[in-house]
Each structure stands twice: as structure tokens, then as C-alpha cells.
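Down below is the structure, laid out as C-alpha cells.
The values are calculated or read from the model by the stated rules, or taken from the named source; none is laboratory data. All of these numbers come straight from a predicted model, not from anything done at the bench. Note that each Cβ is placed from the backbone with ideal geometry, even for glycine, and that neighbours are counted across all protein chains shown.
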């Protein structure tokens, strides 16, 4: 059985947990880590191993910086970055992320 999507939102998840996922769920396409307030840029660095990742939900991960999100987006085939409060649309245009869409939920 292959896990393609994982929702870890609103959890006490840590960078170490994200690293464990990245090292074991190679085919992961969808990951929700919203409101996991303990996560840092280390988590996004670990996610660089998830080459099939298409959708990433990061709402409320305030310790993750714009630079690490941009780096991950530039190195992957991400189609959806949901509910980000850190990157502006102007920054995305400047980075030429043609296939990247933002979906906002209220």
C-alpha cells in the first residue's frame, strides 16, 4: 500500500517528524502540515526529498520563512501551495512560478 496524501494539520508535529515522513513516504503527493506551529525551515529542507509532492498546506506555520518556501517551490513540481500567509503574489510573479496557484480559505 502506498500513501499518497497525509494530513498532519493542527498537530504537535516537529521537524524530526517531517524528516521521518520525507525519508519513508517517497511517493507522497499531498501534505498538510497547517497549524503545526513547531515546524521550521528544517522541515521544508527535509521535504526536498519528496520529489512527487504536488500540494502543500502550510497555514499557521509561522516559523517557516519565505525563503525556504520559495526554495522548495522552485525545486519541485508543486501545483498548489494553500493558505500561505508568508509569500505575496508579487513575489511569486517575480520568481516565475508559472504553475503555482494560491487557494485561500476563510
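Side notes on the structure shown:
- Checking the range 83-105 against the condition returns no match, with no residue being within 10 Å of the chain's Cα centre (by Cα) and either within 21 Å of residue 4 (Cα to Cα) or modelled with pLDDT of 80 or more (or both).
- Of everything in the range 11-41 that is part of a helix (DSSP H, G or I) and in contact (Cβ under 8 Å) with a residue 12 or more places away in the chain, the residue that is nearest to residue 78 (Cα to Cα) is 22.
- Of the numbered criteria (1) at pLDDT below 90; (2) under 22 Å from residue 3 (Cα atoms), the one residue 62 fails is (2).
- Residue count for the range 42-78 satisfying the condition of being closer than 15 Å to residue 13 by Cβ, part of a helix (DSSP H, G or I) and within 11 Å of the chain's Cα centre (by Cα): 4.
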